[in-house]
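Presented below is the structure to which this report refers.
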Amino acid sequence: MPRVRPGWPCLLLILISFLVYWHTLYPGLPGGDSGELITIAYTLGVAHPPGYPLYTLLGKLFTWIPFGTIAWRMNLFSAFSNALASGILCILVNRWIQQEPSGRETRSRFVSLSPGLLSGGLFAFSPLVWRYSTQAEVFAFNHLLICIFLWIILKYWETRDFRYVLGSTFGMGLALSHHHTSILITLPFTLWVLNSERPRLKSARPLLQLLISFGMGILPYLYLPWAGKKPTLSSWGDPSTWSGFLDHFFRREYGTFQLTNHTQKSADFVQNLIFYFQDIPQQTLYIGGIFALWGLRKGLQKVGLRGFMRVSLFAYSFYILIFNSLANLNLDHPLYLEIQSRFWQLPNLFIFLWIGIGFHFCLIKQSRPWMTYGLVATAFGALISSILVNFPDEDEHRNVLFTQFGRSVIEFLPPHSLVLTRGDTFTNAVRYLQECEGLRKDIRIIDRELLKTPWMKRIIEYNTPDIVLPGRVYRSEYTDYRLKREKGEYGLRDLFDSNYPQRPIFITSFDPRDDRQWEKEYVTWPWGFLNQVVRKDEPFDFDAYLKRSTQQIPQNLEAQVSHAVRPGSWEKTVLLDYWDLERRRSNRILTYGIERNEDPQVLHIAEGILSNLIQRHPSPPPVLYKNLGILYSHLTRTQPGARSQMIQAWTRFLQIAPNDDPDLPAIRKTLQTGP
């Protein structure tokens, strides 16, 4: 092929991918870590380990865009990053294939550039890359930094200029100041470059220059100690101290070489690899994998490409072997599979690069023009197909689920309430609405999991001194309260006692392992997505509760997503909680009715709530029919026909219940012998 400059076709790819991303952006808040990352960038706080300082600082610039919500502006940062990355990938492919003379002239400059366009286009519109181009997350910017790094490697290979050697170490440091997984890619390439420069590196001066260039790359980490001195309420850790900084940098709270520190069943190395490789055909539109394998085979045979192909294959293998040996999530859980799949994008970058090289070798193999142009037409047909196939699932421009979810959690709470959350879904959504959109700033939001860390007390006291933490760290597990206090620890009962007189307290769901000693003095009542904490010795107005709790149930929340919801998505997590709201409320009202000597009026209210939920639910789970049968069993003494309704509900339950449900034997026995 003739030597050509990428020129306008690659710029056109950047523009098209950016416009498509723009059109499919979340208009507001996405799920997962997005709420935290947006809030941290807007308030200049410290993100969860390792802190993402470079992302935070550049993200702050995007929050200055004078239109759109703060969340939309940060979502645009991801769109910009991946669009630019796709264009650089296009350039990389077209420049790398010129390292190997083909001996055959193509008839069109456009044909000569088509391998890069295919590579960059399939990358841009693959499901995972597209998905994380529409939301504020760290992965798109990671792709951009790696593509820039690979461009530096290409320039070194073309010129053998030592400035690009320094550029490679700077690029490695800069990428490391954003995302730690980048080192699995940059390290093999940097070592390759340094090995090529061995004669020059025998003196001290170039070694010192390399060290300085790497140090300049990781300078953004100086932001963390600065931001840690005056932490925002959304900040993590205490990087203002040397030990706190190292804890944050090395992710010690997660486990330095793990995705999480949770003790749970996790997939093993082989399972992780199986899940990863099973996903590749979908990401490459199936046909891309064939070109990638062909590109690897031919590239390893060609003198001009052999060095690059070897190191790219090594970097790819190094990443997937190291990452999948350390990843410790349970991939049988759809949400954890979705979380882990985010990290598959970076190694896939090389697959898309090999696709372009493979397509190049297919092009130069064709002897007739019509075959060449037919192959190019097929490639661009694949690109168009990728857009059309993935567009319905990745179009989020009408998805306001998380914004509406966050609003429904806190918008109608009593003034100055204390909300004790647990997990990203609740905490990140409401923190964003408070800090970035100014909604209900009178409410105090505290994540119970973060209270378990020694640094959270400092952040709470700095930002919300009106909240009383009765010890150094919170412990949810059951232990002797005397021993807890001696260690400076406290439980939920202590937290309730210290703050209940001053403000209403609400709490999210409990963990089965939580200490329940608070139940001696307090009781909870469902309040939308939350539970209101009430003292047992206080009078309770059931009619007022019924009216207020009905108002807390958001209407048609499922309509806020315009496409089918993936099983492991954060949207699915919120919608599962949404459909569980009325079940929790009916259960609590049922319990209250039983405590009042099976008050039929109260039981009828619970029955109406549960029956209405079953009619509205798109796929009622077995537990709804089980609970409805239990409710009718308590109405058999006062309501004619309740027994037949109980039998009908439990019969349906038996048809769809899982075999491991502990109540199956008792319900079967009741239906066979009668109550």
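The values are calculated or read from the model by the stated rules, or taken from the named source; none is laboratory data. Treat the numbers as computed from the prediction; the structure is a model and nothing was measured. Neighbour counts are summed over all protein chains in view; Cβ atoms, including those assigned to glycine, are modelled from backbone coordinates with ideal geometry. These accessible areas exclude ligands, DNA and RNA; they are computed on the full protein's heavy atoms, side chains included. Shrake-Rupley method; radii C 1.70, N 1.55, O 1.52, S 1.80 Å.
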Of the residues Ala559, Ala564, only one is open to solvent by 50 Å² or more (accessible area, probe 1.4 Å), touching a residue at least 40 places away in the same chain (Cβ under 8 Å) and of a type in the set (Gly, Ala, Ser); which?
Ala564
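Kindly provide the set of residues from segment 587-601 that are touching an Asp or Glu at 6+ places or on another chain (Cβ under 9 Å) and over 17 Å from Gln645 (Cα atoms), ordered by number.
We begin by selecting, within segment 587-601, every residue touching an Asp or Glu at 6+ places or on another chain (Cβ under 9 Å); these are 590, 592-593.
Answer for segment 587-601, where residues must be touching an Asp or Glu at 6+ places or on another chain (Cβ under 9 Å) and over 17 Å from Gln645 (Cα atoms): Tyr592, Gly593.
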Qualifying residues in segment 166-208 (those that are farther than 30 Å from Leu326 by Cα and in contact with a Leu (Cβ under 9 Å, 6 or more places away or on another chain)) - the one modelled with the lowest pLDDT:
Leu201
Hey, can you tell me all the residues within segment 435-472 that are over 15 Å from Gly237 (Cβ atoms) and free of Cβ contacts under 8 Å to residues at least 24 places away in the same chain?
Gly438, Lys441, Glu461, Pro465, Gly471, Arg472
Could you list all residues from segment 377-392 that are among the hydrophobic types (A, V, I, L, M, F, W, C), exposed (fewer than 13 other Cβ atoms within 10 Å of the Cβ) and at pLDDT 90 or above?
Ile384, Leu388
Evaluate segment 150-157: report whether one residue or more is at pLDDT below 95 and either among the basic types (Lys, Arg) or over 28 Å from Gln98 (Cβ atoms) (or both).
yes
Any idea which of Leu184, Leu194, Leu150 is touching a Phe, Trp or Tyr at 6+ places or on another chain (Cβ under 7 Å) and touching a residue at least 24 places away in the same chain (Cβ under 8 Å)?
Leu184
Near pairs, Cβ below 7 angstrom, 6+ apart or cross-chain, from segment 37-49 (touching a residue at least 40 places away in the same chain (Cβ under 8 Å) and farther than 17 Å from Met456 by Cα) to any residue that is open to solvent by 10 Å² or more (accessible area, probe 1.4 Å) and β-branched (Val, Ile, Thr)
Ile38/Ile70; Tyr42/Ile70; Thr43/Thr232
Counted residues in segment 13-52 being farther than 19 Å from Tyr221 by Cβ and of a type in the set (A, V, I, L, M) come to 9
Does Gly608 satisfy the condition of being open to solvent by less than 30 Å² (accessible area, probe 1.4 Å) and out of contact with any Phe, Trp or Tyr (no Cβ under 6 Å at 6 or more places or on another chain)?
no
Mind counting the residues in segment 618-650 that are within 30 Å of Val565 (Cα to Cα) and open to solvent by 30 Å² or more (accessible area, probe 1.4 Å)?
7
Test each condition in (1) in a helix (DSSP H, G or I); (2) within 28 Å of Ala41 (Cβ to Cβ) for Tyr164 and report the one that comes out false.
(2)
For segment 627-675 the number of residues that are touching a residue at least 40 places away in the same chain (Cβ under 8 Å) and more than 40 Å from the chain's Cα centre (by Cα) is 5
Would you mind stating whether Glu158 is of a type in the set (Asp, Glu), within 21 Å of Cys10 (Cα to Cα) and surrounded by fewer than 18 Cβ atoms within 10 Å (Cβ to Cβ)?
yes
Candidate set from segment 424-448 (those that are in contact with a helix residue (DSSP H, G or I) (Cβ under 9 Å, 6 or more places away or on another chain) and part of a loop (DSSP other than H, G, I, E, B)); member that is surrounded by the fewest Cβ atoms within 10 Å (Cβ to Cβ):
Lys441
